[in-house]
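The values are calculated or read from the model by the stated rules, or taken from the named source; none is laboratory data. None of these values were measured; they are calculated from a predicted model. Heads up, the Cβs are rebuilt from the backbone with ideal geometry, glycines too, and the neighbour counts pull from every protein chain shown. Remember, those area values only see protein heavy atoms, side chains included, never the ligands or the DNA or RNA. Shrake-Rupley method; radii C 1.70, N 1.55, O 1.52, S 1.80 Å.
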Amino acid sequence: MRVLIAGASGFIGTALVERLTAEGHEVVRLVRRRAQGPEEASWSPGSGIIDFTVMDRVDAVVNLSGASLSRLPWTKRYRGEIIDSRVTATRTLTDAMRKAKRPPPVFLSGSAVGFYGDRPGELLTEFSTAGTGFLPEVVQRWETAAALAPHETRTALLRTGIVVGHGGALQVVSTLTRLGLSTRLGTGGQHWPWISLDDEVAAIVHLLGSRLSGPVNLAGPTPATADRVMNAMAERMHRPYTFAVPERILGLALGRAADELLLSSQKVRPQRLIDDGFRFTHVNVESALDAMLSARGAPSAPNAPSAPA
């Protein structure tokens with residue numbers, strides 16, 4: 001396939017380009033400068049500018065563009081950037097698809113499990129309703145923009161959880177743990193929907209050749225609490241895990257981001273991905289952490305006992 005990727009230089013995008021290239025696919029990267037050769041195409045998503053004829057020359061579009069959620073604090077200005085960077089980029093792509101003579105057959109658009117909001121005690125599948133709060137609002141607007149793709153284009157929404165890999169959202173946690181500053185966040189009982197970087201990329205490649213459309217949860221098959229994730233990382237890095245930070249302190253320090261990123265509970269199941277025959281390489285978060293720490297050369301203890309679920 002010839003795949004156009006927005007966000008190809010990002011954390012997930014870089015790994016996806018490597019995987020697609022290794023499997024013999026051709027990748028075209030969208031860049032925010034003058035294109036240098038046929039493997040690049042220029043765009044300015046903030047201005048809605050793109051050469052829409054590029055859509056005639058590709059078999060699929062993967063949209064991974066958007067400002068990082070792990071950049072803290074979420075000031076009012078940055079919250080606006082989080083929304084605008086996703087919605088405008090996605091609209092730029094769907095507008096170009098509609099103008100193309102031959103729209104791409106496949107569109108995989110980034111999304112997030114933030115759609116579900118804070119839902120302690122619930123098992124969340126793609127059939128669950130939207131939650132309330134800032135992130136559910138962001139995701140709903142993001143997915144609405146993706147839905148503007150041409151009707152003949154199969155559109156799947158990549159509702160991604162916390163991607164466990166070198167350079168992802170857990171890098172800050174890894175750094176704090178390495179310094180011996182790993183802490184329990186609130187009660188630690190909130191569920192964090194995680195997925196290994198390997199499985200995130202493999203799932204995207206799987207969906208390129210699938211028939212699935214609509215929302216697809218990209219999360220590991222075995223749920224894990226924040227306490228389990230933090231404790232497992234501390235064990236593997238041979239560091240203490242003894243401190244606890246109350247929810248009130250986290251809220252004072254990080255504001256809304258504390259509630260929606262760190263303290264939110266989402267027990268997400270990748271039901272449609274499993275039903276579609278996808279097989280996970282990392283079925284529990286301990287395995288995903290081993291892969292992440294091994295990739296960055298950090299000391300690990302693969303046989304260390306796992307924290308209880």
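Kindly express, to the nearest 10 degrees and within the range 0 to 90, the angle between helix 11-22's C-alpha long axis and the longest C-alpha principal axis of the chain.
60 degrees
Applying the Karplus parametrisation 6.51 cos²θ - 1.76 cosθ + 1.60 with θ = phi - 60° to the phi angles of segment 84-91, what ³J(HN,Hα) value in whole Hz is obtained for each residue in order, glycine and proline being reported as x?
4, 5, 7, 5, 5, 5, 5, 5
What is the set of long-range amide H partners of Ala41 at a cut-off below 5 Å, with H atoms built 1.01 Å from backbone N?
For Ala41, whose amide H was placed from the backbone, the distant partners under 5 Å are Arg29, Leu30, Val31.
Just to check I understand the Karplus step: with θ = phi - 60° and J = 6.51 cos²θ - 1.76 cosθ + 1.60, what whole-Hz values come out for segment 47-59, glycine and proline as x?
9, x, 9, 6, 7, 5, 5, 4, 5, 6, 10, 10, 9
Assign one of three labels to segment 157-217, namely rounded, prolate or oblate, based on the Cα gyration tensor with a ≥ b ≥ c the square roots of its eigenvalues; rounded applies when a/c is under 1.5, prolate when it is not and a/b is larger than b/c, and oblate otherwise. If you can, show how the numbers build up before the last one.
Values: a/c = 4.73, a/b = 2.08, b/c = 2.28.
In terms of gyration-tensor shape, oblate.
May I ask what percent, to the nearest 5, of DSSP beta bridges between residues of segment 1-137 are antiparallel? Write out the running numbers ahead of the final one.
Numbers: 2 of 17 bridges.
Counting DSSP beta bridges with both partners in segment 1-137, the antiparallel share is about 10 percent.
So, in nm, how far is label Arg248 from label Thr125 when the simple model puts each one 7 Å beyond its Cα toward the Cβ?
With each label placed 7 Å out from Cα toward Cβ, I get 4.1 nm.
Ignoring ligands, DNA and RNA, what accessible area per residue does the chain give at 1.4 Å, in Å²? Can you show the working numbers first?
Details: 13780 Å² over 309 residues.
Solvent-accessible surface per residue comes out at 45 Å².
Against the longest alpha carbon principal axis of the chain, how many degrees, from 0 to 90 and to the nearest 10, is the axis of helix 226-236 turned?
Approximately 80 degrees, to the nearest 10.
Which is farthest toward the positive dipole end of segment 96-164 among Ala130, Ala156, Tyr116, measuring Cα position about the Cα centre, with Cβ charges +1 (Lys, Arg) and -1 (Asp, Glu)?
Ala156
Roughly speaking, to the nearest percent, how much of segment 181-247's 1.4 Å accessible area is carbon and sulfur?
Values: 1250 of 2260 Å².
Here it works out to 55 percent.
For the chain, give the magnitude of the charge dipole about the Cα centre (Cβ charges: +1 Lys/Arg, -1 Asp/Glu; no others), in debye to the nearest 20. Walk me through the numbers on the way to the answer.
Values: 34 positive and 29 negative charges, 129 e Å.
Around 620 debye, computed over the chain.
Need one number: % antiparallel among DSSP beta bridges in the chain, to the nearest 5. Working shown, then result.
Numbers: 3 of 38 bridges.
That works out to approximately 10 percent antiparallel.
How large is ³J(HN,Hα), in whole Hz, for each residue of segment 142-149 in order, when computed from phi with the Karplus curve 6.51 cos²θ - 1.76 cosθ + 1.60 and θ = phi - 60°, using x for Gly and Pro?
So the Karplus estimates, Gly and Pro as x, are 4, 5, 5, 5, 5, 5, 7, 4 Hz.
Just to be sure I understand: of the beta bridges DSSP finds with both ends in segment 151-309, what percent are antiparallel, rounded to 5?
Working: 1 of 12 bridges.
Of those bridges, close to 10 percent are antiparallel.
Sort 195-207, 240-252, 172-184 by packing, meaning the average of other beta carbons within 10 Å per residue, with the highest value first.
195-207, 172-184, 240-252
Which of His151, His166, His282 moves most in a GNM of the chain, Cα contacts under 10 Å?
Per the Cα network of the chain with a 10 Å cutoff, His151 tops the list.
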